[in-house]
Ligand SMILES: *Cc1c(COP(=O)(O)O)cnc(C)c1O
């Protein structure tokens, strides 16, 4: 028997599309091909053919990112956490960085803005309150020891009610007045207008660049739908400082990541075809009635196999985008649910356990005394049936 792989393919029927524990974005075919090529043959990773000498590893991608976002230059690192660390370390080490108290976020897996500040050797200068921060709060905090204004997108929570935040457009003027760079950690960020796709709106990196933000960072494997990477776009003079900082060497990405990211970004040149070519967008925009039809197609086989011990039903449910994106926004979806006829939680747990032991495990969600299989991300229907209905 072949030894089991540590990275086992599974069916992600949890209802969370960009599931961090299940590897976030599924890559597009073009990215998979590009990575394979890059692995098989030597490539011009840091070799400029025109000058027959040493080139710059991020150069080709920087050009593409500038074309797509209107930025002057770009820098690619291992993930967005690394991007934030690099921006802070290169531009504000030993200095103060002003951030609103409403934006001191924690992302899962120990990424917390105050801790990253400390790691980068910066002094965090908190302004405003949890729910309300005004332009005057930023203005009053600026001293000679400050070297940066920072915005952090509160991607995984929302403060509602009596609130006020200062957006980038307002902060740009203040930053200019004091000759301080303004940087934004956007977290997810989307290069297309998601509202046009019927999805909850998410800030777009190119809009922030157009508004005059100096550096914007975002993830490669969240809404962008590419490989794990941190992308920093913005002013050339600042990107140069990031590229020259010793941490960049430690945080740089490998050729496979660059190949996958380039292929993914190229799809954004044709936004009208993105829904067909980018798995993440395809999954996020799948219509509920299409998912219901799939559920109804699968029901008879599942009922035959499990009907004795479980009540098998289709049920409306809500999928989540995941990866800290817009947790309060839900996507209408459908699931097949399994309710134990003996009413025992142990029957439910053992069913979930059994499905986790399959050659391609099926991962659902336990909720309200049922096991839910949200079919939004079910790709290979016949393999799924082969797994569940032996
Ligand atoms: C997700 C996120 C991060 C971390 O990005 P990774 O690519 O997971 O390292 C940082 N900041 C914000 C606001 C995020 O949403």
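FYI, it's all coordinate maths here, none of it is from the lab. It should be emphasised that the depicted structure is a prediction, and the values quoted were computed from it without experimental measurement. For neighbour counting, all protein chains shown are included, and Cβ atoms are generated from backbone atoms with ideal geometry for every residue, glycine included.
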Measure nothing fancy, just the Cα-based angle from helix 345-356's long axis to the longest principal axis of the chain, in degrees from 0 to 90, nearest 10. 70
Using Cα-Cα distances under 8 Å and only pairs 6 or more residues apart, what relative contact order does segment 307-370 have, in percent? 30
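Please report the antiparallel percentage of DSSP beta bridges with both residues in the chain, rounded to the nearest 5. Display every interim value, and only then the final one.
Details: 32 of 53 bridges.
So the antiparallel bridges amount to about 60 percent of the total.
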Helix 168-177 axis, angle to the chain major axis (alpha carbon atoms, nearest 10°): 20
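Express the relative contact order of segment 202-334 as a whole percentage, based on alpha carbon pairs under 8 Å and six or more residues apart in sequence. All intermediate terms of the calculation are to be shown ahead of the outcome.
Numbers: 118 pairs, mean separation 20.8, N = 133.
After rounding, I find 16 percent.
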Can you tell me the order of 380-386, 330-336, 84-90 when each peptide is scored by its average per-residue count of other Cβ atoms within 10 angstrom, highest first? 84-90, 330-336, 380-386
Working out 0.36 nm times the residue gap between residue 93 and residue 366, then minus their Cα-Cα distance, what length gain in nm do you get to one decimal? 93.7 nm
Run the paramagnetic zone check for residue 36: 7 angstrom along Cα to Cβ, then residues of segment 1-25 with backbone nitrogen under 18 Å. 9
Which order do 162, 310, 338 fall in if you start with the one that has the fewest other Cβ atoms within 10 Å? 162, 310, 338
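Show that you can apply the helix-only estimate: for the chain, add -39,500 (n - 2.57) for every DSSP H stretch of four or more residues, divide by all residues, and state [θ] at 222 nm to the nearest 500.
Details: 15 runs with 144 residues, N = 390.
It comes out at -10500 deg cm²/dmol, rounded to the nearest 500.
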Counting pairs of alpha carbon atoms under 8 Å apart in space and at least six apart in sequence, what relative contact order in percent does the chain give? 23
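Taking 22 Å as R0, compute the FRET efficiency from the Cβ-Cβ separation of residue 256 and residue 6 and round it to 0.05. Could the numbers behind the result be given before it?
Values: r = 18 Å, r/R0 = 0.80.
The calculated FRET efficiency here is 0.80.
Mind checking the full-extension length gain between residue 176 and residue 210? Use 0.36 nm per residue of separation minus the Cα-Cα distance, one decimal, nm.
Working: separation 34, 0.36 × 34 = 12.24 nm, distance 1.46 nm.
The residue 176-residue 210 span can extend by a further 10.8 nm.
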With each label point set 7 Å from Cα along the Cα-Cβ vector, what nm distance links residue 51 and residue 357? 6.0
Report the extension gain between residue 163 and residue 288 in nm, rounded to one decimal, defined as 0.36 nm multiplied by the number of residues separating them, less their alpha carbon distance. 41.6 nm
Label-point gap, in nm, between residue 104 and residue 129 - each point 7 angstrom along Cα→Cβ: 1.5
Label-point separation, residue 308 to residue 44 (7 Å along Cα→Cβ), nm: 6.5
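What's the FRET efficiency of residue 144 with residue 236 using the Cβ-Cβ distance as r and R₀ = 30 Å, to the nearest 0.05? Let's see the in-between values first.
Values: r = 26 Å, r/R0 = 0.86.
Between residue 144 and residue 236 the formula returns 0.70.
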